[in-house]
């Protein structure tokens, strides 16, 4: 993450074991990152698409996380 990005909104995804990832809304779209990731996995045009991408990046068989805006 070498560039400066202004985060307009943030959602934290919670699974059974606690926080599993975040979604940051920026001017470019919705950026997805799991807790252990060093960088964002991608930028998506809509929040629902970003939520699906975050869930897809979780361990196979994981339940849909609870998303809380912060």
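Hey, what angle do you get for helix 47-57 against the long axis of the chain, alpha-carbon based, 0 to 90 degrees rounded to 10?
It is inclined by approximately 50 degrees.
What percentages, rounded to whole numbers, describe P(r) for the chain computed over all alpha carbon pairs with 5 Å bin width beginning at zero?
Answer for the chain: a P(r) of 3, 19, 32, 26, 14, 5, 2 percent.
At 222 nm, what helix-only mean residue ellipticity would the chain give, in deg cm²/dmol to the nearest 500, using -39500 (n - 2.57) for each DSSP H run of four or more?
Values: 1 runs with 11 residues, N = 70.
So the calculated ellipticity at 222 nm is -5000 deg cm²/dmol.
Extension gain residue 63-residue 38, at 0.36 nm per residue separation less the Cα-Cα distance, in nm?
On the way: separation 25, 0.36 × 25 = 9.00 nm, distance 2.34 nm.
Result for the pair: 6.7 nm of gain on full extension.
In what sequence do 6, 26 fall when counting other Cβ within 10 Å, fewest first?
Sorted ascending by nearby Cβ count, the order is 6, 26.
Bear in mind that the values in this text are calculations on the coordinates, not laboratory data. Note that the structure is predicted; figures quoted are calculated from it, not measured. Cβ coordinates were reconstructed from backbone atoms using ideal geometry, including for glycine residues, and neighbour counts include every protein chain displayed.
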